[in-house]
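Since the structure comes first, as structure tokens, the remarks are kept for the end.
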Amino acid sequence: MRRVHRLAVVVLAALIAGTLGTATATVAVRRASTSQPSATPTTGPLQGLATLASVPAAAGERLLGIATFGPSTRVRGDALADLGLDVLPMRELPLALVSGTKAQLEAAVRKGVALDVYPDEKLVLQPGVAQGVGTGLRGRGVGVAVVDTGIDATHPDLADHVTHNMKLVGPEILDVLGGKHRPDEPPGTLVVPMDGMNSDTTSGHGTHVAGIVAGDAHTSPDQVGVAPDADLIGYGTGDAISIFTVLAAFDDILVHHLEWGIRVVNNSWGQSGRLFDPNHPINVATRALHDAGLVVVFSAGNDGAEGTINPYSVAPWVISAGSANNDRDRSAFSSGGYEHDNSTAAPVPDDRHLRFDGDRIGIYHPDVSAPGTDIVSSGTPTGIGTLSPALPGGTATLSGTSMAAPHVSGVAALLFEARPSLTPDQVRQVLQVTAAPMRGEAEFFESGYGFTDAAAAVALVRRPDFSQALLDRLQAAADDRVLRARSFSVRASDLWAFSPELPATVSGLVSREFATEVAAGTDAVRAVVSYPSLALVGINPFDWQVSVTDAAGKVVGTSTPSATAGVSTMFAEIDPAAVRYGTWKVTVTGVLGAADTDALIGNAVTVAVAQVARRTAEAVGVGPRFVPEGSATLHFQGQVPPAVPLPVPLSSPEGCVLTQGAVDATMGGSPAAGTCTSGVVGWALGYGLEIPATFTSPALPSPAVVGGPSNLRLWLADPAAAVWTAAFASRVGYVLDAVAPDGTATSIAAGDMERRIDGADEVRAEPTRADYAFTVSPSTVPVGSRLRLKLSFSGATASST
């Protein structure tokens with residue numbers, strides 16, 4: 001395998017006013033070099049019917065539902081109609097949208113006309129990557145369907161490549177407006193073509209997502225998506241997204257995907273954590289998309305806690321995207337799976353209890369992470385639901401796994417352009433095995449295999465020896481790293497789910513008991529209960545408590561609730577001499593809680609209990625870590641373009657000639673020579689007009705992974721220091737970019753650091769050295785790319801003042 005050197009680069013800088021003096025930068029550099037089997041939904045117990053039973057309905061009240069059929073079973077629309085149901089069969093999916101009384105919906109299953117019937121539910125938007133730098137790819141010829149709130153196809157950054165744009169108006173709109181369906185009205189979804197128009201009529205969410213995928217920088221060089229030449233196909237699935245309209249969009253994609261070139265389907269929506277059901281209509285539909293050769297990407301969710309991951313994102317045939325910032329730190333809101341997980345995509349039995357034995361990587365985790373914190377993308381004047389309205393052609397800033405998913409979808413488009421023969425499973429594997437290590441304390445169940453690395457992923461599929469065998473080897477190595485990084489192995493796990501029989505509980509009014517077998521050798525027990533809450537707005541006023549009791553009736557542990565997400569957790573280490581193994585009791589008590597059968601906050605309670613054993617120190621491995629293999633020192637050098645003096649000759653405190661505008665200079669391997677020059681910087685330019693001082697290195701002679709401990713050295717001066725330091729917090733903001741030969745820039749690191757000069761929080765009148773230590777997360781930088789350091793200064797601190 002061709003070796004790419006690792007290089008630590010140290011950037012030490014010059015005078016704050018932009019004096020072109022000595023500067024150093026240490027940037028570390030490494031080469032980035034994993035496949036879950038796809039599970040097939042199988043005919044199983046009637047989970048839809050069980051959920052339907054918990055929905056309150058008056059006699060004669062008509063409900064909306066989705067009838068499911070076997071993969072090879074003909075949709076029996078006539079037989080459903082004979083039961084008094086209004087029926088709209090899907091064209092490609094083995095599903096039918098139905099409307100009828102609760103008794104009629106149940107009769108469709110009892111009489112064997114349908115395999116199961118699931119009630120319609122509202123779905124939740126998930127608001128709340130490195131681009132294809134150096135790849136030479138832009139997603140050309142690849143269609144990305146955005147199933148969301150719509151796309152503003154009048155936005156200049158999107159207009160010329162939104163090839164199809166539809167608004168799907170379904171029966172859920174009547175429910176939102178307080179209306180009901182007439183008995184003689186089919187529960188259909190109206191597809192309204194809106195090509196060249198704005199189908200994102202009340203939210204702005206879908207437009208923001210579309211800009212991340214394929215904004216083409218028409219309005220600004222900074223407003224470029226991951227795959228700016230990809231075709232966008234918009235599906236505005238209603239302003240109150242429901243299963244009905246989402247399934248209608250999926251069905252339409254299956255009808256047109258060959259004609260319209262759709263290869264990727266982005267879904268920045270979902271629900272809070274619950275038991276994965278492979279026979280749920282959405283999971284049946286996404287499996288059909290996968291089997292048709294389409295990559296399906298889902299956001300992992302924004303509840304930020306263990307056990308809250310979006311259940312539609314854990315299907316082994318889709319890609320689940322967690323969120324991070326550009327420094328590879330996991331976003332605090334990004335939902336996690338289960339820390340101790342050995343599950344598979346098994347059909348759910350009638351008692352809604354699943355047990356798994358043996359240690360393996362389970363399904364409840366994101367696959368990869370991507371940027372989702374403070375993402376600036378396309379905005380729309382109609383963005384009044386999720387975003388603030390933007391001016392026509394403007395931008396908006398939003399955080400969430402909703403923003404991470406389109407980054408992953410854009411990279412998938414680049415991969416299809418590079419190698420059109422890729423399968424959906426191969427795309428997922430490529431992203432997993434090339435993902436860069438995360439920073440901080442991010443665990444696998446929270447962030448997956450790491451941070452999406454577009455350049456490394458494209459490089460892998462372009463290898464002459466690319467093959468499924470190569471992917472399998474890389475995947476096995478990545479899986480081994482994940483398992484070896486665990487301090488505990490999983491011996492067994494149990495998952496239970498139920499819907500509370502009452503809409504609210506207090507003081508244990510609703511409780512359930514479950515039994516599990518716990519064998520000797522179990523060193524600890526982890527229990528997680530997920531339940532309806534207001535996690536979407538970061539509040540958890542409820543508590544469903546889970547306690548575990550051993551075979552002798554001794555309480556081993558009791559959970560405590562999260563303050564922000566609908567989750568309560570416990571971890572209890574076990575003293576074998578103090579417990580009795582055998583049949584243990586798991587008690588779930590509704591201390592305080594509410595259920596929402598319309599699924600605005602949900603009505604499912606899920607319990608996960610894992611039995612784990614300690615791994616020996618020799619058995620515990622280390623997850624992927626970046627280790628710098630060298631370092632480089634870069635000095636700030638000459639001004640580019642040539643400096644233009646101010647109309648009135650002025651000099652900075654250190655004697656440099658002040659020039660017009662902010663500094664735009666080079667970085668190189670040797671200190672600057674000759675007369676120094678200094679530009680104008682400070683709050684007004686750096687933070688007000690967003691014009692930083694800029695320093696750019698020569699092109700890298702070979703590909704590298706840049707990262708590691710770094711140091712920034714500046715000489716700062718401000719004659720009015722005493723005034724400004726009393727009025728402003730003095731801070732230095734930095735952005736380190738990798739700029740490809742085509743000018744595309746990818747942020748490697750960014751931060752805003754408080755100034756520390758000789759231990760004092762101030763900038764002095766005379767030039768004074770300031771050192772800043774920071775860490776650059778590992779990032780692949782292709783050959784020919786340049787490192788660009790941009791510096792901004794708060795307050796009004798600058799040599800020019």
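The values are calculated or read from the model by the stated rules, or taken from the named source; none is laboratory data. As the structure is a computational prediction, the values presented were derived from the model and not from experiment. Cβ: placed from backbone, ideal geometry, glycine included. Neighbour counts: every protein chain shown. Accessible surface is based on the protein model in full, side chains and every heavy atom, while ligands, DNA and RNA are left aside. Shrake-Rupley method; radii C 1.70, N 1.55, O 1.52, S 1.80 Å.
Any chance you could tell me what percent of the C-alpha pair distances in segment 230-350 go past 21 Å? Don't skip to the end; give the middle numbers.
Working: 3063 of 7260 pairs.
For segment 230-350, the fraction of Cα-Cα distances above 21 Å is 42 percent.
Taking 0.36 nm per residue of separation and subtracting the Cα-Cα distance, what length does fully extending Ala504 through Asn711 add? Please list the in-between numbers first.
Details: separation 207, 0.36 × 207 = 74.52 nm, distance 5.56 nm.
Using 0.36 nm per residue and subtracting the Cα-Cα distance, I get 69.0 nm.
A simple spin-label model places pseudo-atoms 7 Å from Cα toward Cβ; at Asp222 and Ala699 they are separated by 2.7 nm. Put simply, the amide H of Leu95, placed in the peptide plane, has neighbours under 5 Å in Met90, leaving out anything fewer than 5 places away on its chain.
Expressed in nm to one decimal, what extension gain is obtained for the pair Thr397 and Thr202 from 0.36 nm per residue of sequence separation less their Cα-Cα distance? Provide the component values of the computation, followed by the final result.
On the way: separation 195, 0.36 × 195 = 70.20 nm, distance 1.66 nm.
Full extension from Thr397 to Thr202 adds 68.5 nm.
Relative to the current alpha-carbon distance between Ala552 and Thr163, full extension at 0.36 nm per residue lengthens the span by 133.4 nm. Our coupling estimate for segment 284-294, obtained by passing each phi through the Karplus curve with A = 6.51, B = -1.76, C = 1.60 and θ = phi - 60°, is 4, 5, 5, 5, 5, 4, 4, 5, 8, x, 9 Hz, Gly and Pro reported as x. The calculated FRET efficiency for the pair Arg110 and Thr583, based on their C-beta separation and a Förster distance of 25 Å, comes to about 0.10. One quarter of the convex hull surface built on the alpha carbon atoms of segment 305-394 amounts to 8.6 nm², the projected area averaged over directions.
Can you compute the equivalent ellipsoid semi-axes for segment 454-569, i.e. the square root of 5 times each eigenvalue of the Cα gyration tensor, sorted largest first and rounded to whole Å?
Working: eigenvalues 321, 102, 30 Å².
Here the semi-axes work out to 40, 23, 12 Å.
Remark: segment 507-597 is approximated by an ellipsoid whose semi-axes, taken from the C-alpha gyration tensor as √(5λ), come to 28, 13, 9 Å, largest first.
For segment 62-69, 3J(HN,Hα) computed residue by residue from phi via the Karplus equation (6.51, -1.76, 1.60; θ = phi - 60°) reads 8, 10, 9, x, 10, 8, 10, 9 Hz, glycine and proline entered as x. Sequentially through segment 552-559, phi angles give Karplus couplings (6.51, -1.76, 1.60; θ = phi - 60°) of 9, x, 8, 6, 8, x, 9, 7 Hz, Gly and Pro residues having no value and appearing as x. Look at the alpha carbon pairs under 8 Å that are at least 6 residues apart: their mean separation over the length of segment 466-584 gives a relative contact order of 24 percent. Arg62 contributes about 60 Å² of solvent-accessible surface, heavy atoms of the protein only, 1.4 Å probe. The distance separating the Cα centre of segment 252-289 from that of segment 546-569 comes to 35 Å. Neighbours of Leu422, meaning other residues whose beta-carbon lies under 14 angstrom from its beta-carbon, give a summed charge of +3 when Lys and Arg score +1 and Asp and Glu score -1.
Please give the residues of segment 433-457, grouped as numeric ranges, whose backbone N is less than 14 Å from a label point set 7 Å along the Cα-to-Cβ vector of Thr775. Answer for this model: 437-443.
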